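Reading through the structure tokens given below for one structure.
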Amino acid sequence: MLNGRRILLVIGGGIAAYKSLDLIRRLQDRGAEVVPVMTRAAAEFVTPLSVSALAGQKAYGDLFDLTDEAEMGHIQLSRAADLIVVAPATANLMAKMVQGIADNLATTLLMATDKRVLIAPAMNVRMWEHAATQRNLKALQDDGVLVVGPNEGDMACGEYGHGRMAEVPEIVAAVENALLNGPLKGKHVVVTSGPTHEPIDPVRYIANRSSGTQGSAIANALAGLGARVTFVSGPVTSELPGGCEIVQVETAAEMLSAVEAALPADAAVFAAAVADWRVASRSGSKIKKDGSGKLPVLEFTENPDILATVSQLKKGRPQLVVGFAAETDDVMANATAKRARKGCDWIVANDVSPETGIMGGAENAVTLISKDAADVWPRMSKTEVARKLAERIVGAISDG
Ligand code: CTP
């Protein structure tokens, strides 16, 4: 099943576009949400109205539609998907993908995405067999683009041969294969993310500046490799990952309970910025100024350390436990000591000094510290860090 998965369906301009209407239905039957994007040529074959009626949402079309940009920018549209499917993928679309041409919304999304792309080519047999298309096919496959079809058969143009778009059930199977049969298939990973809020009274709380962006990207990357991901998130305004089981919590104590309830797991990644303390003298009613000039005094007590608790489990410890170390001074020394103290396998260390712009920003510069090594990764997007980390996790826990 594809429950909770979001598929961005790019419909190209070919006669096979009519099959994309059925494809939307069949993907929805499997539980997926389908966000349709049509090229201008596609709208010559099927109407945006039919597409949006079947998808149950707007069919995106023009890059320069200001309402779309305000509602959901093209970058976000491509990031919010778990997989991009191009069906039909015309010879023209394939050529543009190879060259990195971004001259409409569909091709811009294909350039801006950080997700895998599956294409279902459809074209006349001569066009398919043309050296240019075959070169492009090879280039796309080398770039990691997945391909389903085309099949051999009668064509709308009256010729016979290769070029018919794969049938809808074949495309659905390829989508499921791409989303569910990754190297982490059958593995369960728990990811914590975001800040925790520790109440002072019913209206006030103590928090930190974590945005949850890195944790969300890690969950996305792991789910994209086929893992079953339980995503335990503190209160965030950032986008939650797709294709994961989401458990929303507020406090550190709730986060620990949610993590314990989610175990057993093959791996756990603790990316949350958990508050170290909670208010022991938490008031059941709103603390008022009493006019005496006497200031309230907050007393704190230590929160449970989720990373240390899970790392030191005698029974049911995940095979791989990964923690984060957000430091402002002596990053390496502090993070190395933290790994040993907490008992986790890896620590992803980063410098969160304000001048780095990492906390709340889109980039990260990390060092992956394990028992025997410290790998310094260059500064890159949080999505790239997530991908790299997910690949390392594959190496550590996959059976293959
Ligand atoms: N962590 C946790 N539970 C806590 C505190 C931290 O699970 N109560 C986890 C974080 O998710 C992160 C790692 O521990 O993976 C490091 O957290 P950090 O706050 O950087 O370290 P601290 O243990 O708080 O150490 P210090 O305050 O000395 O930096």
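What follows draws every value from the coordinates through simple rules; no lab data is involved. For clarity, every value in this text was computed on a predicted model and none was experimentally measured. Cβ placement follows ideal geometry from the backbone for every residue including glycine, while neighbour counts extend to all protein chains displayed.
Side notes on the structure shown:
- Annotation: amide H of I206 within the under-5 Å range of E198, I200, sequence separation 5 or more or interchain, hydrogens built in the peptide plane.
- Computed from the Cβ-Cβ distance with R0 of 51 Å, the FRET efficiency linking R26 to A308 stands at 0.65.
- Placing a pseudo-label 7 Å from each Cα along the Cα-to-Cβ vector at E254 and D143 gives an inter-label distance of 4.3 nm.
- Average projection, convex hull of the Cα set of region 276-400: 12.0 square nanometres.
- Sorted peptide list for 262-275, 44-57, 209-222, criterion being average Cβ within 10 angstrom, highest first: 209-222, 262-275, 44-57
- Region 153-234: GluC sites (Glu not before Pro) in DSSP coil with no more than 15 other Cβ atoms inside 10 Å: E159
- Fraction of beta bridges assigned by DSSP in the chain that are antiparallel (%, nearest 5): 30
- Distance from the Cα centroid of region 33-58 to that of region 312-362 is 45 Å (rounded to whole angstrom).
- Paramagnetic label reach from K294 (point 7 Å along Cα→Cβ; backbone nitrogen cut-off under 19 Å): within region 181-210, residues 201.
- Projected label distance in nm at A261 and E355, using a 7 Å step from Cα toward the beta-carbon: 4.5
- For the chain, calculated [θ]222 nm from helices alone, where every DSSP H run of n ≥ 4 adds -39500 (n - 2.57): -10000 deg cm²/dmol
- Whole-number D in µm²/s for the chain (Stokes-Einstein; Kirkwood sum over Cα pairs; 10 °C, 1.306 mPa s): 69
- Segment H130-D375, extension gain: residue separation times 0.36 nm, minus the distance between their alpha carbons: 83.7 nm
- Among the GluC sites (Glu not before Pro) in region 190-273, those placed in a DSSP loop whose Cβ has at most 14 other Cβ atoms within 10 Å are E239.
- Taking amide H atoms as placed 1.01 Å from N in the peptide plane, the amide H of V86 lies under 5 Å from those of V10, L118, I119, A120, each 5 or more residues away in sequence or on another chain.
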